[in-house]
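Single-structure report; data block below.
The values are calculated or read from the model by the stated rules, or taken from the named source; none is laboratory data. All figures in this text were calculated on a predicted structure; none of them were measured in a lab. Reconstructed Cβ throughout: ideal geometry from the backbone, glycine too, with neighbour counts over all protein chains shown. Quick note on the areas: whole protein, heavy atoms, side chains included, nothing else; ligands and nucleic acids left out. Shrake-Rupley method; radii C 1.70, N 1.55, O 1.52, S 1.80 Å.
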Amino acid sequence: MVDLEFLKAKEEHRAALSYIWAHVYGNGIPPEEAYSFNDGETPYLVTQNGEFAWAAVIVHYNVWRAGVPLAQPWSCGGVGSVATLTEYRNKGVSSLGMRGLLKEMFAEGKIISSLYPFRESYYRKFGYATCGYRWSIRVPTHRLPTFACDLPVRRVMPRDHHLLHECHTAMVKKLSGSPVRSPELWERRLGTKPPMILAIGDPIEAYFWASPKEFWGTLEVGEFAWSTPRGYEAALEVLRGLASNQSFVTWPEPPDSLFLSQHVDQGVEANISRPTMFRVIDVAQLVSTLPYPDHPVVIEIDDPDLPENRGPWRIYGGPHGCLCQPTTETPDLKMSIHVFSQLAMGNITLAQLQQGLVEIRNLRALKELVMVLPQASVCCMEFF
């Protein structure tokens, strides 16, 4: 008989965590310094017959939802470093771990969860849905547009990342699914070998970071953010100057890319990069943060792993905002947790929803739900 156990990791499990990650993601040699616990993430383990077999972390952060006037961002659990030792694969170990994480996040009060999938079809089994990506834009240097740059340009040291925070926050509030960075997330994002950061404007209206490596190669930009149109154009001009001895430049932009809509030229390549998946963890809590619809809407959610989400739910307006309460009424709409997650993030249109993705008893109800959860650009600017 196989005995599987899911558990929250403790200090005495540091070596086990390092061992699993070294064998799945590294060369099998754990680092000299074992995994170090911090306030920004929580590690978990699964054992099989008492032996450590699986590990993962939940990174704790908050995200905005574009197009919805939230009083505060949604609490989110970023699932990362999912790893199963080879000898324990195809034995239900990872499935137990993933379902354990869902229950943990629900108990902790998380509203949504996100992850970078190694394979989307696997994580769909646990209710995650493909939501959002970044464009990786590759441009021959001589095809970069020319702009005037009247804003001051300066280098920002990694330790002074607080100077970038306002610009970054302004950008992510226009997107769905990007974390509002804490100091810990800034340090995590910049890594152990921080790149050169160039900031434009005072106060800063745009920034990017890159590490030039050779002449006539490809200048790769790690992060590119802006808070104003003129900041965006000025940053492209600074980037053009930095790349004057390069053959190509690559940089990331959200799905609603300004470059692809306004400045694309012959020879430009754009590839989908870093697609993400999201999952609603607590339907009732998420709905309670929304503007309420003009008329009550009753929905039912098919969620095999978190039955607390199924409902049916009656969504309507109360004296203090949107209310989401259990009901025995016949649902206007029935949908899977996958589709509801895409709707929650803004990664699906009314036309797509009407193509058999939702069981519709009342079309007006669907239109009202889409009005309070409109389409949006979904993009995660974080790594985990």
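Summary of computed values
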quantity	calculated
Elements of type strands (runs of 3 or more DSSP E) contained in the stretch 1-119, each with 3 or more residues being open to solvent by 40 Å² or more (accessible area, probe 1.4 Å) and either farther than 28 Å from Cys322 by Cβ or touching a residue at least 40 places away in the same chain (Cβ under 8 Å) (or both)	4-8, 51-63
Residues satisfying the stated conditions in the stretch 184-195, i.e. open to solvent by less than 40 Å² (accessible area, probe 1.4 Å) and either closer than 30 Å to Leu286 by Cα or part of a strand (DSSP E or B) (or both)	Leu185, Trp186, Arg189
Single residue of the stretch 215-240 satisfying the filter (within 20 Å of Glu269 (Cβ to Cβ) and open to solvent by 40 Å² or more (accessible area, probe 1.4 Å)) that is farthest from the chain's Cα centre (by Cα)	Trp216
Tyr207 being among the hydroxyl-bearing types (Ser, Thr, Tyr), in contact (Cβ under 8 Å) with a residue 40 or more places away in the chain and open to solvent by less than 10 Å² (accessible area, probe 1.4 Å)	yes
Conditions (1) open to solvent by less than 10 Å² (accessible area, probe 1.4 Å); (2) in a helix (DSSP H, G or I); (3) over 22 Å from Ala234 (Cβ atoms); number of the one not met by Arg181	(2)
Residue within the stretch 161-171 that is under 30 Å from Arg279 (Cα atoms), buried (at least 18 other Cβ atoms within 10 Å of the Cβ) and polar (S, T, N, Q) present	no
Residue that is nearest to the chain's Cα centre (by Cα), among those in the stretch 73-130 that are over 21 Å from Pro179 (Cα atoms) and β-branched (Val, Ile, Thr)	Thr84
Filter result (within 24 Å of the chain's Cα centre (by Cα) and of a type in the set (A, V, I, L, M)) within the stretch 183-198	Leu185, Leu190, Ile197
Candidates Thr130, Thr141, Thr146, filtered to the one that is among the β-branched types (Val, Ile, Thr) and open to solvent by 70 Å² or more (accessible area, probe 1.4 Å)	Thr146
Subset of the stretch 322-337 [out of contact with any Pro (no Cβ under 9 Å at 6 or more places or on another chain) and of a type in the set (A, V, I, L, M, F, W, C)]	Leu323, Cys324, Leu333, Met335
Test: residue in the stretch 145-167 that is closer than 21 Å to Phe259 by Cα, touching a Ser or Thr at 6+ places or on another chain (Cβ under 7 Å) and assigned to a helix (DSSP H, G or I)	yes
Criterion violated by Leu185 - all others in (1) at positive phi; (2) at pLDDT below 95; (3) of a type outside the set (S, T, N, Q) satisfied	(1)
Filter pass, Gly127 being in a loop (DSSP other than H, G, I, E, B), at positive phi and either acidic (Asp, Glu) or out of contact with any Asp or Glu (no Cβ under 8 Å at 6 or more places or on another chain) (or both)	no
Residue match in the stretch 363-375 (condition: on the phi < 0 side of the Ramachandran plot, of a type outside the set (Phe, Trp, Tyr) and under 14 Å from the mean Cα position of the chain (by Cα))	no
Qualifying residues in the stretch 291-308 (those that are part of a loop (DSSP other than H, G, I, E, B) and open to solvent by 30 Å² or more (accessible area, probe 1.4 Å)) - the one modelled with the highest pLDDT	Pro304
Members of the stretch 78-122 found to be under 19 Å from Trp21 (Cβ atoms), of a type in the set (Phe, Trp, Tyr) and out of contact with any Gly (no Cβ under 9 Å at 6 or more places or on another chain), listed by number	Tyr88, Phe118, Tyr122
